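A.B. asks: First the structure, then my questions, so here it is.
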Amino acid sequence: MRKPIVVGNWKLNGTEAANEELVSGVLSEMNALAAIDVAVCPPFVYVPQVVGLAKGTALGVGGQNCSEQSSGAFTGEVAPAMLSDVGARYVILGHSERRALYGETDEIVSEKVKAALHAGLTPILCVGETLEEREADETEAVVRQQLAAVIAGNGIKAFDRMVIAYEPVWAIGTGRTASPEQAQQVHAFIRGQLESHDAQVAQSVRIQYGGSVKPGNAAELFGQPDIDGGLIGGASLMAEDFLGICRAAADTVGNQ
Ligand code: 13P
């Protein structure tokens, strides 16, 4: 049985005051969410603040990106060991916004995964197809290639220390969620690809769904056999919405 994991990706949002209100709202229900893992990923500058707010609780904190470099003349970059140093446990890597807007290739993402693992972080590796790719029936080929690069660079056993997030690009921030069947199909495909390398790793790796998850559609998505929680954008910015999604994930424990 895989423990579901729900992570809030705050993207480019937050102020010290807003973060404090949001985190205290989430923490008010953490005790009822012991069956799942919950984490939030604020912008870099707020990671220490949120780590401080979450101290002594089960709420995890992560970055939204990190450098593949560990130190040196790389202006503007943040090393994964710096995230660990300030108390982060996770790092989102290969998000489609980074791939599309900041030119991150599969090879760069694989290098970042390696650096993050080396620093003791849990990478949340994002994969997913664009609308054009889905309409051209290329979903599986795209996801296969995104995963293959990380397997080639890090080995299959690295996935024992990672989380995967399937995020169809056409569902991100659009209000257009993949149907539970569409999502399940790709999740099963991902697990199958890992299984061809290592059955134990495939069975234990957690695969989150991301893309317009809301309290109203979370239960159906999380009820699918290969969906192990969610990576949440917009709905993670309101404590009540985020908690509604977390509750839906917690409700699946024991029901399967
Ligand atoms: P939305 O939940 O806003 O669609 O964003 C999903 C996402 O990109 C999480 O990483």
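The values are calculated or read from the model by the stated rules, or taken from the named source; none is laboratory data. Just so it is clear, the structure is predicted and the values come from calculations on it, not from any experiment. Here the Cβ is made from the backbone with ideal geometry for all residues, glycine too, and neighbour counts use every protein chain on show.
A.B. asks: For the stretch 202-256, which residues satisfy the criterion of being among the basic types (Lys, Arg) and near the ligand (Cβ under 9 Å from one of its atoms)?
C.D. replies: Pass one, the stretch 202-256, residues among the basic types (Lys, Arg): 206, 214, 247.
Selection gives Lys214 alone.
Residue by residue, here is whether (1) crowded, with 23+ Cβ neighbours inside 10 Å; (2) within 16 Å of the ligand (Cβ to nearest atom); (3) more than 30 Å from Ala202 (Cα to Cα); (4) aromatic (Phe, Trp, Tyr) holds:
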{"residue": "Arg2", "(1), (2), (3), (4)": "no, no, no, no"}
{"residue": "Ile5", "(1), (2), (3), (4)": "yes, yes, no, no"}
{"residue": "Trp10", "(1), (2), (3), (4)": "no, yes, no, yes"}
{"residue": "Asn19", "(1), (2), (3), (4)": "no, no, yes, no"}
{"residue": "Ser28", "(1), (2), (3), (4)": "no, no, yes, no"}
{"residue": "Leu33", "(1), (2), (3), (4)": "no, no, no, no"}
{"residue": "Val38", "(1), (2), (3), (4)": "yes, yes, no, no"}
{"residue": "Pro42", "(1), (2), (3), (4)": "yes, yes, no, no"}
{"residue": "Gln49", "(1), (2), (3), (4)": "no, no, yes, no"}
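A.B. asks: Where in the stretch 78-147 are there helices (runs of 4 or more DSSP H), lying fully within it, with 1 or more residues that are crowded, with 24+ Cβ neighbours inside 10 Å and modelled with pLDDT of 95 or more?
C.D. replies: On the way: elements: 80-85, 96-101, 106-118, 131-135.
Ranges flagged: 80-85, 106-118.
A.B. asks: Next question. Please determine, by comparing only the residues of the stretch 166-201 that are over 19 Å from Leu93 (Cα atoms) and among the acidic types (Asp, Glu), which one is nearest to the ligand (Cβ to nearest atom).
C.D. replies: Glu181
A.B. asks: May I pose another question? Kindly provide the set of residues from the stretch 158-171 that are touching a residue at least 60 places away in the same chain (Cβ under 8 Å) and under 13 Å from the mean Cα position of the chain (by Cα), ordered by number.
C.D. replies: Across the stretch 158-171, the qualifying residues are Val163, Ala165, Glu167.
A.B. asks: Provide a single number: the residues in the stretch 181-199 that are in a helix (DSSP H, G or I) and in contact with a helix residue (DSSP H, G or I) (Cβ under 8 Å, 6 or more places away or on another chain). Reasoning before the result, please.
C.D. replies: Start the filter on the stretch 181-199 by keeping residues that are in a helix (DSSP H, G or I), which leaves 181-195, 199.
If we keep only those that are in contact with a helix residue (DSSP H, G or I) (Cβ under 8 Å, 6 or more places away or on another chain) as well, we get 183, 186, 189-195.
Qualifying residue count for the region: 9.
A.B. asks: May I pose another question? Six or more apart or on different chains, Cβ under 7 Å: which pairs go from a residue in the stretch 224-243 that's hydroxyl-bearing (Ser, Thr, Tyr) to one that's at pLDDT 95 or above and buried (at least 19 other Cβ atoms within 10 Å of the Cβ)? Could you list them?
C.D. replies: Hits for this filter: Ser236/Gly8; Ser236/Asn9; Ser236/Trp10; Ser236/Val40; Ser236/Phe242.
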